[in-house]
Amino acid sequence: MGHSVAGQLRKARLDRKLNVNQAAKWASVTWRAWRAWESDAPSKRKPSPAALRLFFLRAGIPIPNDLREYLDPHRRSHVISITSSKGGVGKSPITVNVAACLAFKGMRVAIITDDAVYRSMVSAGEGPEANSLVSAVDIYDLRDVVIHPSEAKNLAKQIARGLENCPEKEVAHLYLREDIETLKRKEQSVHTLDNLKQKYDYLLLDVKYDLKLLKDNCDIIAVIVDSYCMLSVRAAGRFLERLKDEPSRKKLPKIFSLLTRYDIGGQSRELMEFLGDRKDISPEVFEKLRNERYQRYRYRESIFRKIMELPIPPLSVRLTSAHDIVIDNFNEEKSIWEGYCYFHSLLDIAPHSPAAAECMSLTEELIDMRL
């Protein structure tokens, strides 16, 4: 291993104020192996890219440029999508929070999104706060990224057919206005998906309907399942069926379920609605409330059984509703325009909260899958 690589490892460890044993543990190797990696003398012991990547990610140290080619000679992004075909389950906020956690760990990370809230905020001139973790994440509108060389040509043909089949041209242009705007931006774009894959360590696709894009490009797909909503479980099942039927010549991504609102007890509906031993309620009302509490619990159990029947394994990390109180507190006395939005992350507004810790744990699990 070359002098520069050994020197970079030694510098990274000392800058982080780690001893050799600590660095070795974070790389999941013995201290002797780590010591050999830092040695300037010729050695047969070379660190595996996976072990070094694990060290830098766990230590939260940006990977030095001199080591990037060694760790990833092909310089390809790891592409992740946290998605759902059901709206309102937190697809975009979770994606942005994972991106912020990756940025915190020193990764080069970008999001490609088709989120309507993001687009409306950008149109209004909004953006992330300066020096926030989200400001370290590059966010691209899907309309500004060319996915494959023939994309604009195919879209132009689709628009032409739509205009031909509609006798009222004004109605046709109104109906196709989004496609026309997308075509214009694709034709003017300087970004291609392949170029972005070369530029970043992690690329997150915050898209909902483009199954071909996800299946052809993702390394990991996390399908959000709300553990308090049976409709969410059914939507996940339909999403998986459609994804399976989507033709693709690429290797199938790793697919997992990501359970959310996974808190039974604590700050959960059933506990908040249970009044306990208040003295101003009758025994009859008390009994009714207690039965309702257990009934809700059994309902949660029935949903969980359905989740486990999905043909994909769940991620180990499960998100609770801890973010609710963080966001409510952040939004206190703020106008709707100042409150929590697409450009905020839990790690920015409440870095020591359980909610931020959950997002960091989720990020680390996704990282470990790459390694």
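Numbers below:
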{"quantity": "Out of 183, 205, sole residue that is crowded, with 18+ Cβ neighbours inside 10 Å and part of a helix (DSSP H, G or I)", "calculated": "183"}
{"quantity": "Residue pairs meeting the criteria (Cβ under 9 Å; at least 6 apart or on separate chains; first in contact (Cβ under 8 Å) with a residue 60 or more places away in the chain, in the range 183-197; second of a type in the set (Asp, Glu) and not in a loop (DSSP other than H, G, I, E, B))", "calculated": "196/138"}
{"quantity": "Matching entry among 174, 133 (being of a type in the set (A, V, I, L, M) and surrounded by 16 or more Cβ atoms within 10 Å (Cβ to Cβ))", "calculated": "133"}
{"quantity": "Residues (in contact with a helix residue (DSSP H, G or I) (Cβ under 6 Å, 6 or more places away or on another chain) and more than 19 Å from residue 186 (Cα to Cα)) located in the range 164-176", "calculated": "166, 172"}
{"quantity": "Single residue of the range 269-292 satisfying the filter (of a type in the set (Asp, Glu) and at pLDDT below 60) that is nearest to residue 229 (Cα to Cα)", "calculated": "270"}
{"quantity": "Criterion: among the basic types (Lys, Arg) and closer than 22 Å to residue 224 by Cα - qualifying residue of 46, 91, 105", "calculated": "91"}
{"quantity": "Residues (of a type in the set (A, V, I, L, M, F, W, C) and part of a loop (DSSP other than H, G, I, E, B)) located in the range 95-124", "calculated": "107, 124"}
{"quantity": "Matching residues, the range 228-247, being within 19 Å of residue 81 (Cβ to Cβ) and among the basic types (Lys, Arg)", "calculated": "238, 242, 244"}
{"quantity": "Subset of the range 79-101 (residues that are at pLDDT 95 or above and among the aliphatic types (A, V, I, L, M))", "calculated": "79, 80, 82, 94, 96, 98, 99, 100"}
{"quantity": "Residue count, the range 330-371 (criterion: acidic (Asp, Glu), surrounded by fewer than 20 Cβ atoms within 10 Å (Cβ to Cβ) and either more than 15 Å from the chain's Cα centre (by Cα) or at positive phi (or both))", "calculated": "3"}
{"quantity": "Some residue of the range 107-128 being basic (Lys, Arg), surrounded by 11 or more Cβ atoms within 10 Å (Cβ to Cβ) and within 30 Å of residue 68 (Cβ to Cβ)", "calculated": "yes"}
{"quantity": "Residue in the range 139-159 that is of a type in the set (Asp, Glu), more than 29 Å from residue 245 (Cα to Cα) and either out of contact with any Gly (no Cβ under 8 Å at 6 or more places or on another chain) or surrounded by 12 or more Cβ atoms within 10 Å (Cβ to Cβ) (or both) present", "calculated": "no"}
{"quantity": "Filter result (outside any loop (DSSP other than H, G, I, E, B), surrounded by fewer than 19 Cβ atoms within 10 Å (Cβ to Cβ), more than 27 Å from the chain's Cα centre (by Cα) and of a type in the set (Gly, Ala, Ser)) within the range 22-55", "calculated": "33, 36"}
{"quantity": "Any pair with Cβ under 6 angstrom, 6 or more apart, that starts in the range 334-359 at a residue that is in the same structural domain as residue 104 (by TED's automatic domain parsing) and ends at one that is surrounded by 20 or more Cβ atoms within 10 Å (Cβ to Cβ) and not in a helix (DSSP H, G or I)", "calculated": "343/128; 345/133; 347/133; 348/133; 358/319"}
{"quantity": "Counted residues, the range 305-329 - those being crowded, with 18+ Cβ neighbours inside 10 Å, farther than 21 Å from residue 254 by Cα and not β-branched (Val, Ile, Thr)", "calculated": "2"}
{"quantity": "Criterion violated by residue 61 - all others in (1) part of a helix (DSSP H, G or I); (2) in contact with a helix residue (DSSP H, G or I) (Cβ under 9 Å, 6 or more places away or on another chain); (3) surrounded by fewer than 22 Cβ atoms within 10 Å (Cβ to Cβ); (4) hydrophobic (A, V, I, L, M, F, W, C) satisfied", "calculated": "(1)"}
{"quantity": "Output for the range 202-252, where each listed residue is under 16 Å from residue 314 (Cβ atoms) and of a type in the set (Val, Ile, Thr)", "calculated": "220, 221, 223, 224, 225, 233"}
{"quantity": "Filtered residue count, the range 125-169, keeping only those that are in contact (Cβ under 8 Å) with a residue 40 or more places away in the chain, out of contact with any strand residue (DSSP E or B) (no Cβ under 8 Å at 6 or more places or on another chain), of a type in the set (D, E, K, R) and assigned to a helix (DSSP H, G or I)", "calculated": "1"}
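The values are calculated or read from the model by the stated rules, or taken from the named source; none is laboratory data. All figures in this text were calculated on a predicted structure; none of them were measured in a lab. Every residue, glycine as well, gets a Cβ built from its backbone with ideal geometry; the counts of neighbours run over all protein chains shown.
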